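*Asks:* Please read through the structure below; I'll follow up with questions.
The values are calculated or read from the model by the stated rules, or taken from the named source; none is laboratory data. Since this is a predicted model, take the numbers as computed values, not measurements. All Cβ positions, glycine included, derive from the backbone under ideal geometry; neighbour counts span all protein chains shown.
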Amino acid sequence: MSASKPRLSQSGFSLVELLVALVFTAILTTGMLRIFASSVSGFYTQQESLGLQRASRFALNLVEEEIIQAGYLFPPRNLSGELSVGSPTVQPPVLVQQTDYQPVWSDPNGTTVILDKVDELQFVQDLNLEVEGTLTADAAPGASQATVAIPSGRSTLDKYLTGSSDHPLVMVMLDSQINQVDMVRVKSIDSKGVADFDPNSSGLDAFGNERGGGFFSGIFNNLHKSGAPCTFIAPLQVVRYAVVPRALDPADPKHLIPCLVRQTAPLVKASIFAPLKDQTAPAQDATWTEQILAEGVSGLKVDISLDGGKTFLRYNADGTLKAGMDTWANVYTGLDTAIKAALPGASVLASHTSKGLSDPLDPMWTNYLPVTFRLDVETRTRLARAEYAANQATPTPAFRTRTVTMMISPKNYALGSML
């Protein structure tokens, strides 16, 4: 009788089992990778959207602070000699129109996008340069010079000192009584801080104003002790907001990004501020300045209302531009009609508005009517993503845009509306 051999136990997986497990693992891994990729893509798109929103809001906050000051004049005065009236070819107190160029957006990879036309906004005001100084020596009445210590902002003063001689920089002494404020025209400030006042106090300037009259003089009328504070104002400047392409990387001048800019220049009679529109470089000259407020701005719409935002002049309710409201000549005609109709009948101020934009006695019609600006700022992502495509079935890389809207009422307008 022979002894039976013990059966050997089998261990491990068969080839079929391994293949099945591998297939299931691959399916699970693929799903997890897709979820991860979708999460990462969602994170980036959300961050870009938030970045667009922040950029638009930040730009509008800066613009709001400036436009609230539109029409600021120190001291308040009539500009009948400075502002010509009766023609859309001269600088008005407020100008809104569409630019005659289309901004371009060019990337380092050679891709160039031509954007839609944008709007621009201009207004006239005295610019408070927010640069303060102190006298380092006593200055007696009749003094035509003063030595000033300027801790910071000297480059700003130098820029405005090179502007039009008809509107020299004005130094305002802050130690005087309100009825004895010294406001002197500054001709130059040397490296030691010696300010020479404008000695030309006779005759007429380019605007027909008496140089020796008015509010700005060429000498101190009061005593100012050492340590007296002062500030500076650039009178009668044109402030312009528009979108222009700028090369922000000096090492790559062909990479142009549309930017929302703030430009200023001295008021010039019988003309309108129209800086060069070179889309490859900021073609500036010595008479105007430029400040970039926001990058990646792909659109700017500006509208104006004379009834607190109930009705607007240029755009329809659906956001489309009304016929003819692209040029200032047509906007001028429409605005003139709106001004004449704003205060009809026997209103106390009807005599001011009945002449519309052609009132030679007071060209600052904004003094008598409430003005509200509406600004729509559109920003765009720098890169096109398939996630932004309108048709996700066959996604084509596209850009995402965000638009922020703000209503702004300048506090210096409608000053005479209570008369």
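*Asks:* Could you check, for region 379-396, whether at least one of its residues is assigned to a strand (DSSP E or B), of a type in the set (Gly, Ala, Ser) and over 20 Å from GLU66 (Cα atoms)?
*Replies:* Scanning region 379-396, I find no residue that is assigned to a strand (DSSP E or B), of a type in the set (Gly, Ala, Ser) and over 20 Å from GLU66 (Cα atoms), so the answer is no.
*Asks:* Still on this structure, I have one more. For region 297-339, what are the residues that are of a type in the set (D, E, K, R) and touching a helix residue (DSSP H, G or I) at 6+ places or on another chain (Cβ under 9 Å)?
*Replies:* ASP307, ARG314, LYS322, ASP336
*Asks:* Give the number of residues within region 196-253 that are part of a loop (DSSP other than H, G, I, E, B), over 30 Å from TYR101 (Cα atoms) and either in contact with a helix residue (DSSP H, G or I) (Cβ under 8 Å, 6 or more places away or on another chain) or at pLDDT below 80 (or both).
*Replies:* Qualifying residue count, region 196-253: 17.
Rundown of residues vs (1) modelled with pLDDT of 90 or more; (2) buried (at least 18 other Cβ atoms within 10 Å of the Cβ); (3) assigned to a loop (DSSP other than H, G, I, E, B), yes/no style:
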| residue | (1), (2), (3) |
| --- | --- |
| GLN122 | yes, yes, no |
| ASP126 | yes, yes, no |
| VAL131 | yes, yes, no |
| THR134 | yes, no, no |
| ALA137 | yes, no, yes |
| PRO141 | yes, no, yes |
| ALA146 | yes, yes, no |
| PRO151 | yes, no, yes |
| ASP158 | no, no, no |
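*Asks:* Being of a type in the set (D, E, K, R), over 21 Å from LEU313 (Cβ atoms) and either under 27 Å from the mean Cα position of the chain (by Cα) or surrounded by fewer than 16 Cβ atoms within 10 Å (Cβ to Cβ) (or both) is true for just one of ARG400, ARG385. Which residue is that?
*Replies:* The unique qualifying residue is ARG400.
*Asks:* Still on this structure: Consider LEU169 against the criteria (1) modelled with pLDDT of 90 or more; (2) surrounded by 13 or more Cβ atoms within 10 Å (Cβ to Cβ): it satisfies all of them except one. Which criterion is unmet?
*Replies:* If we test LEU169 against (1) modelled with pLDDT of 90 or more; (2) surrounded by 13 or more Cβ atoms within 10 Å (Cβ to Cβ), just (1) comes out false.
*Asks:* For region 364-419, which residues satisfy the criterion of being at pLDDT below 70 and among the small types (Gly, Ala, Ser)?
*Replies:* ALA393, GLY416, SER417
*Asks:* Here's a follow-up. So, PRO235, is that one surrounded by fewer than 18 Cβ atoms within 10 Å (Cβ to Cβ) and of a type outside the set (Lys, Arg) or not?
*Replies:* Considered against the rule, which asks whether it is surrounded by fewer than 18 Cβ atoms within 10 Å (Cβ to Cβ) and of a type outside the set (Lys, Arg), PRO235 comes out as no.
Yes/no per residue for (1) at pLDDT below 75; (2) small (Gly, Ala, Ser); (3) at negative phi:
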residue	(1), (2), (3)
VAL20	no, no, yes
GLY51	yes, yes, yes
ILE68	no, no, yes
GLY71	no, yes, no
GLU82	no, no, yes
PRO88	no, no, yes
VAL94	no, no, yes
